[in-house]
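What follows is calculated from the coordinates using simple rules that are stated; it is not laboratory data. Here the structure is a predicted model, which is why all the values come from computation and not from measurement. A quick note on method: Cβ atoms are made from the backbone with ideal geometry, for glycine too, and the neighbour counts reach across all protein chains shown.
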Amino acid sequence: MTQQLNFQDFIAQQAKALGLNLGVTSDMSGEQLNTEYVFIVNDDLLVLVPVFSQSEQVCNVINMITDNFNVYPKWKRKWRDSPMLRAQCLAILSVVKDKPKAHELFLYSNGVFTKKYFSNIAKDEPKVFAMPGYRLGNLSANEIENLFGQHAVENLNYSFSPDQSSYFCYNNRLNLLGVGRGKDMSTMRRGAIYEYIERASAHYDKDDSIQTSHALGQYPTVNPAQLWGVEPDREAQFFPSYDDDKPYSWVSGRNALTDEAVYIPSAMVNYLKVMPEQFLHNPNSSGCAIGNSADESAFYSALEIIERDALMVTWYTKSAPSRIDLSNCREKSVLEHLKWIDIKGYDVECYDITTDIGIPSVLCLMLGRSEHNIAALVTSSAHTNPLEALDSALAEGASLIGICELNFFRKAIDYETFKAGTDFQATENQYMTYCYPQELHKFDFMRNTGNTVDVDTFCEQYAADVSSMDTAYAYLKAQLVDNGYDLYVAESTPSYIQNQGLYFTRAFIPGAINLIFGDHPIHVNSQRVDKAASKLAWINDASHLQFEDLQPLG
């Protein structure tokens, strides 16, 4: 009687017969094999992985994002040798032979082999598009949706929200959530993935991190107070647990205006990674962005800081910006957003909140017309193209109305109870404060302004040559230089994400007011306010600073 080959030898024999350059191993730890494919066979795992002579690198990435495949319950991965399993393996090997795909692996789960997608082979060059074709114009967009969608090897939850007003991409192991909103399913789906990719990038360390103290002076480190432009006598309030003499983890960055190489605290870049040095108060994603190149991600990261800074300066000084008159607007996209918001039951007021930095910034205030709407919702945006700033603020407002209404009315907290408690205080839900009609008077300082600017005049006032990514980013940097600001950026993209031509950057503009939920008074730099007021007549100086009203963003 012919003795049956053991399972591993069977796999090797069949692969050889098919002409596949395949190695069989029981170890998923990243053993370097000079083969195109690796078949991992052990008691708890059966998986075929394309590695193309990079088995160690590929397996290490897969282990990192799947926690050694523990994102799949062990009982689902159980297998036993049988004629049926061998037939399945032969079929999978034949598929790989006929249609090799570098980003597809086959995992045995629940009795069958399941195709899973992962980011493997790097793209040749980043692709950057004419403004504002940001991100969704990536030539790999369809592939990216596979890699981070419902069949991702990370075992992500990827589906509609319960009310179907948005899409979500959720990593249960890391508790990372990306939410996508928009007027069509494609925009929602991809928006969820890109936001998830941004969150995932903020979780993983960059490979070039160092350990040192700022005081040691061994490397060109920029400490937290320098990054935020904090007054020296208030550093302890901003970063109470930070100490220049203590060693911390730092990642490489640069001053984008001088191209000087610097090191930035890891805790301020990879803010979602659990670290011993969590000295950043209320860490959030403000100043983070994904782009099709390092420069593009830096550009959008800086815009987010400028946008939030403009809103905070306006809000905390109770300054009255000019209202943008949209009655003569002819831009199709803007008109579509206005119509959508109107159908939802809201009136819209838009304001020019551009500060001394000189990058067009817009605040959009949506006001509900009935008891079935929330009373007010605020969005904002900044862009080197003023029309894009206006359009983006309205687009965000149109996409947020549904989920904000759902969240508020689901809580069903009456106004008296709200006033007596702290349900929305000092959290990302604090925007709900302004869902009550009784709080609308807090917008009177801007709504009662007599200053109005026609939309065409608004666009002409800030017109510049920003038709391409290069010219837009160059213009932004020039505005910062001309107005006395710095820009520090840290590109910190995990390799498996950069493989798809995407880059993650966190930016810092020292002196700008950062978005922080709760405890606002200690996070507003009075020198920043005075600087803006000295250049723009509509901005009140620091003597007008008021903190009794929570800022309205969520």
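Between Ala12 and Asn175, what is the label-point separation in nm under the 7 Å Cα-to-beta-carbon projection?
4.5
Semi-axes of the equivalent ellipsoid for segment 210-283, please: Cα gyration tensor eigenvalues, times 5, square-rooted, ordered largest first, whole Å.
Rounded to whole Å, the semi-axes are 18, 15, 13.
For n ≥ 4 DSSP H runs only, could you compute -39500 (n - 2.57) per run for the chain, divide by its residues and tell me the 222 nm figure to the nearest 500?
Result for the chain: -10000 deg cm²/dmol, rounded to the nearest 500.
Cβ neighbours within 10 Å, averaged per peptide: list 230-236, 309-315 in order, most packed at the top.
309-315, 230-236
Using all C-alpha to C-alpha distances in the chain, build P(r) with 10 Å bins and read off the rounded percent in each one.
P(r) for the chain, in whole percents per bin: 3, 16, 25, 24, 16, 9, 5, 1, 0, 0.
Taking only the alpha-carbon positions of segment 7-117 and ignoring solvent, what does the Debye formula give for the base-10 log of I(q)/I(0) at q = 0.09, 0.12, 0.15, 0.21 Å⁻¹?
-0.20, -0.36, -0.57, -1.22
Rounded to the nearest 10 degrees, what's the angle between the helix 386-411 long axis and the longest principal axis of the chain, both from Cα atoms, 0 to 90?
Roughly 80 degrees, rounded to the nearest 10.
Taking just the alpha carbons, could you work out the radius of gyration and Dmax for segment 419-554, both in angstroms?
Just the Cα atoms of segment 419-554 yield Rg and Dmax of 19.2, 53 Å.
By how many degrees, between 0 and 90 and to the nearest 10, does the Cα long axis of helix 469-482 differ from the longest principal axis of the chain?
Once rounded, the angle reads 40 degrees.
Please give me the summed charge of the neighbours of Leu45: other residues whose Cβ is under 12 Å from its Cβ, Lys and Arg +1, Asp and Glu -1.
So the surrounding residues net to +1.
Of the listed peptides 451-463, 193-205, 389-401, what is their order by residue-averaged count of other C-beta atoms within 10 Å, with the highest listed first?
For the peptides 451-463, 193-205, 389-401, the packing ranking is 389-401, 193-205, 451-463.
I'm checking a number: the convex hull volume of the Cα atoms of segment 141-202, normalised per residue, in Å³. What is it?
About 73 Å³ per residue, rounded to a whole number.
Give me the angle, in degrees from 0 to 90, between the Cα long axis of helix 185-201 and the longest principal axis of the Cα atoms of the chain, rounded to the nearest 10.
The angle comes out near 80 degrees.
Given the Cα atoms of segment 172-319, and with Rh set as the inverse mean 1/r over their pairs in the Kirkwood sense, what is Rg to Rh to two decimals?
0.99
Using 0.36 nm per residue, how much length does the chain from Arg330 to Asn407 gain when fully extended, once their Cα-Cα distance is taken away?
Here the answer is 24.3 nm.
Tell me the net charge near Gln546. Cut-off is 11 Å between Cβ atoms, Gln546 excluded, with +1 for each Lys or Arg and -1 for each Asp or Glu.
0
Based on DSSP, what percent of beta bridges with both residues in segment 210-283 are antiparallel, to the nearest 5?
Once the DSSP bridges in segment 210-283 are tallied, antiparallel ones form about 90 percent.
Under 5 Å between amide hydrogens, which residues at least 5 positions from Asn21 or on another chain qualify, with H placed 1.01 Å from N in the peptide plane?
Sorted by chain and number, the residues that satisfy this are Glu36.
How large is Rg over Rh for segment 266-422, taking Rg from the Cα atoms and Rh as the Kirkwood inverse mean of 1/r across Cα pairs?
Rg/Rh: 1.01.
Using θ = phi - 60° and the Karplus curve 6.51 cos²θ - 1.76 cosθ + 1.60, what whole-Hz ³J(HN,Hα) does each residue of segment 202-215 get, with Gly and Pro shown as x?
Once rounded to whole Hz, the list reads 6, 8, 9, 5, 7, 5, 9, 5, 10, 10, 6, 10, 5, 5.
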